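The next block holds one structure in the form of structure tokens; read it before the comments.
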Amino acid sequence: MQTRLGRADDLASAENVLTHEQAKEAAKAWAKSLKTGGPASRQLTVDDILNKYLAMREGEGARSDVRSSFNAHISPPLGKLRVADLTTERLRNWRDALSKQPKRFRTGNSSKENRIVVIDPADEEGMRRRRDSTNRVLTVLKAALNWAYRERLVTDDTAWRLLKPFKGTTAARVRFLDTEEQNALLQAAAGALRRLVAAALMTGARFGELARLRVSDFDPANGSIFIAKSKSGKPRHVPLNDGGLALFASLATGRPSSAFLLTRENGKGWKPREYSDEYKAAVAAAGLEHITFHELRHSYASTMVRAGAGLIIVAEALGHSDVRMVTKHYAHLAPSFVAETVRRTAPNLISAW
């Protein structure tokens, strides 16, 4: 009896095993279900979507800190939820809660814990910064979900489409150094730091972009440097003026093509936060109010605009896909262009008086 039952179980199991053709058809059905919003699509979680999206973006060369933002702020509260179960109210509650969380500061690779600062709700500037940070995280989430919607991995985008970012979070003024202040900072800096600061002021490149530059990225024939990996994931060539050419030529001469262009005094490449203390000391020695290293990028752009460069040219040099950010931050620095346009196009009513 046991033998017969065992054979019957074996036959039943054999009947449940898919042939190669059946397996192919099942896979096609599953893929179709994803594309058409069938059962498989409805089971996709926020983690599923974000992992697919980030893998795609990283394959295009996007920077890895987007994944860090996902891991820190999105995945813990939302990752296990099915995208089909997301609602605008649930996302709004997540957004509002994130904006009230304490600010975390990275304290270096040797530290086991981040420094945490609780923002007083009465601190308007502190709350503006927290909401601005929250908006950036929200942008990451919405970009991933919109991508999934365009790829037909999900069929309804209502929940996040109706959720708007916080308003009034953009700083009223972007800090930048004028030419005199730039020279003062360069004079206050020395050695490797001075070369790093000069490279930032002459290229408008971000710290990470500068730290990754190799000797092979300097093209003396065309007078430019090549930034292979940027925030947007798109490479770009940055033209150099005479000072920039002299700087990068001195950095590249006699060195192997694979060597870092910008190094510390010990010959090793720069890493995040390694310049911080020395840079702050140079800013103080130059008699300047606090300005971050990233704001040297603003100084580069503002100098170009005030010298008459078109906004599209500045946007290209900075690696922006369009002129929106450049217009937002720097258009007011071109008063002659604005004045000339107003004088040429505004109604002339002098005769009426």
Checklist entry - Cross-link list Lys142/Lys167; Lys100/Lys231; Lys231/Lys271; Lys80/Lys100; Lys234/Lys271: which exceed 25 angstrom alpha carbon to alpha carbon? => result Lys100/Lys231
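Which loop GluC sites (Glu not before Pro) in the stretch 121-163, with loop taken from DSSP, have no more than 16 other Cβ atoms within 10 angstrom of their Cβ? Working shown, then result.
On the way: sites: Glu124, Glu125, Glu151; in loops: Glu151.
Of the GluC sites (Glu not before Pro), the ones in loops of the stretch 121-163 whose Cβ has at most 16 other Cβ atoms within 10 Å are Glu151.
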Item to check | Dipole axis of the stretch 143-256 (+1 Lys, Arg; -1 Asp, Glu on Cβ), positive-most option in Thr155, Gly191, Pro239 | outcome: Thr155
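Are there trypsin sites (Lys or Arg not before Pro) in the stretch 215-251 that DSSP marks as loop and that have at most 16 other Cβ atoms within 10 Å, and which are they? Provide the component values of the computation, followed by the final result.
On the way: sites: Lys229, Lys231, Arg236; in loops: Lys229, Lys231.
Passing both the DSSP loop test and the Cβ count: Lys229, Lys231.
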Checklist outcome for this item: Expressed in nanometres to one decimal, the distance between label points 7 Å along Cα→Cβ at Thr88 and Ala246 is 6.0 nm
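Each reported figure results from applying straightforward, stated rules to the coordinates on display, with no laboratory input. Bear in mind the structure is a predicted one, so any value in this text is a computation, not a measurement. Backbone-built Cβ (ideal geometry, glycine too); neighbour counts: all protein chains shown.
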